[in-house]
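First comes the structure, then the notes that go with it.
The values are calculated or read from the model by the stated rules, or taken from the named source; none is laboratory data. From a predicted model like this one, the values you see are computed outputs, not experimental measurements. Cβ placement follows ideal geometry from the backbone for every residue including glycine, while neighbour counts extend to all protein chains displayed.
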Amino acid sequence: MTLEARFREVGRRFGIPDGARWSVLPGGHINATRRAQWAGGDVLLQRVNPAVFPDPEIPCRNGARVLAHLAGKGFPIPQAVPAEGGAPWLKEDDGCWRAFAFLGTHGGAERTPERAPEAGRALGALLAALEDFPASQLAPALPGYHALDHHRARFATHRQAERALGPEAWAQHGELEAALGSDPLGGPTRVIHGDTKLANVLLPSAPGLEPVVVDFDTVLPGTLAMDFGDFLRSVASPREQREAEAAGALLARLGAAGAAFLEPLGPLPGEPLPALARAPAAMAWMLAQRFLTDHLEGDRYFAVATRGDNLQRGLATLALAHRLLRLAPALAQALARP
Ligand code: GN1
Ligand code: MG
């Protein structure tokens, strides 16, 4: 059975009628997502990929627990649509299926990068709201996820990497390795979102509505540097491509978005700004190695349309990491300004 036929079959069990109009929601590299619209409804149905998540029910369960915690605090959250019998998700042989009401009043923040401070503030407020969430309720969804040493070691096993990257990128990789030191994503442990790219913050397209953060598959005990760094690497390159932009303009965007992220968190003892300012480079460097490793291992993790996509993503993200490293001292100063 094709994936589209599976969406229709599973969709019925979430109350989606046969006559619904289906469309693909692109953007994610891992899970398959479709939108179903009909006269009485508008639903996003998603299959959590079992080839990536060893137990795809874990991200469904972790996410539901965090959403319940946030709902209890009145935090705006995506509204889950239950399956038959009120089940919160369906565990099937081909993955874990779950549905949410489609938010037609909002749009992904990657479409409006100039509104990145709004997205940053929503993410900072989210992390503040997760401060009292018991981390013991979370099971690890992906072993080694956000563990820089894990991804470094795996990338380093690939002897053909130097030739695949070419001299310029290989030199950038070496510089990042030397400059970032042993633990550039350290800091006090806290519950984090784990995928704070712009596309995971839905911004309202009409006044009077709040932003909504989505994609809680990767909530985990981690550090502020991870979510903060991943957010700013996404602000720097919302579409993961090399984007020509003057250093001054990029720095101004990162400073404004980063300050907005930190603001709801209040004073942060144990989180020195010079270290936080290097986190975007460290997160970009880790993601670059993940893309490149996947290219060298045959594209088993990040979906590709064409062979070579993960190499291109990896090279663009490596160049971005290199650029973010050079901007880090100035970013620390921009974040320190009142
Ligand atoms: C993956 O599938 P998506 O786009 O939500 C990845 C993130 C990366 C992101 C880069 C579970 O997220 O870590 O930052 O791609 N998620 C997982 O676009 O590996
Ligand atoms: Mg994600």
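Assorted remarks:
- Given (1) touching a Leu at 6+ places or on another chain (Cβ under 7 Å); (2) modelled with pLDDT of 95 or more, number of the condition Ala256 does not satisfy: (1)
- As a summary of the residue check, Thr306 satisfies the conditions (1) under 24 Å from Pro26 (Cβ atoms); (2) under 18 Å from the mean Cα position of the chain (by Cα) except for the one numbered (2).
- Test: residue in the range 118-128 that is in the same structural domain as Pro264 (by TED's automatic domain parsing), within 16 Å of ligand 1 (Cβ to nearest atom) and among the small types (Gly, Ala, Ser): yes
- Some residue of the range 50-57 being exposed (fewer than 15 other Cβ atoms within 10 Å of the Cβ), touching a residue at least 12 places away in the same chain (Cβ under 8 Å), of a type in the set (A, V, I, L, M, F, W, C) and assigned to a loop (DSSP other than H, G, I, E, B): yes
- Filtering the range 184-207 to residues that are closer than 14 Å to Arg121 by Cβ, in contact with a Gly (Cβ under 7 Å, 6 or more places away or on another chain) and away from ligand 1 (no atom under 14 Å from the Cβ) leaves only Leu203.
- Residue satisfying all of: in the range 8-61; under 15 Å from Lys91 (Cβ atoms) and either assigned by TED's automatic domain parsing to the domain that holds Ala139 or among the basic types (Lys, Arg) (or both); farthest from ligand 2 (Cβ to nearest atom) among these: Arg13
- The residues of the range 66-92 that are surrounded by fewer than 17 Cβ atoms within 10 Å (Cβ to Cβ) and touching a residue at least 40 places away in the same chain (Cβ under 8 Å), listed by number, are Lys73, Pro82, Glu84, Glu92.
- Taking every residue in the range 308-319 that is assigned by TED's automatic domain parsing to the domain that holds Ala236 and pairing it with any residue that is β-branched (Val, Ile, Thr), at least 6 positions away or on another chain, the pairs with Cβ-Cβ distances below 9 Å are Asn310/Thr293; Asn310/Val304; Arg313/Val304; Gly314/Thr293.
- Taking every residue in the range 16-35 that is touching a residue at least 24 places away in the same chain (Cβ under 8 Å) and at positive phi and pairing it with any residue that is within 16 Å of ligand 2 (Cβ to nearest atom) and not acidic (Asp, Glu), at least 6 positions away or on another chain, the pairs with Cβ-Cβ distances below 9 Å are Gly27/Thr33; Gly27/Gly108; Gly27/Ala199.
- Cβ-Cβ under 7 Å pairs, at least 6 apart or on other chains, the range 177-198 side within 25 Å of Val213 (Cβ to Cβ) and assigned by TED's automatic domain parsing to the domain that holds Phe133, far side more than 16 Å from ligand 2 (Cβ to nearest atom) and of a type in the set (Phe, Trp, Tyr): Val191/Phe133
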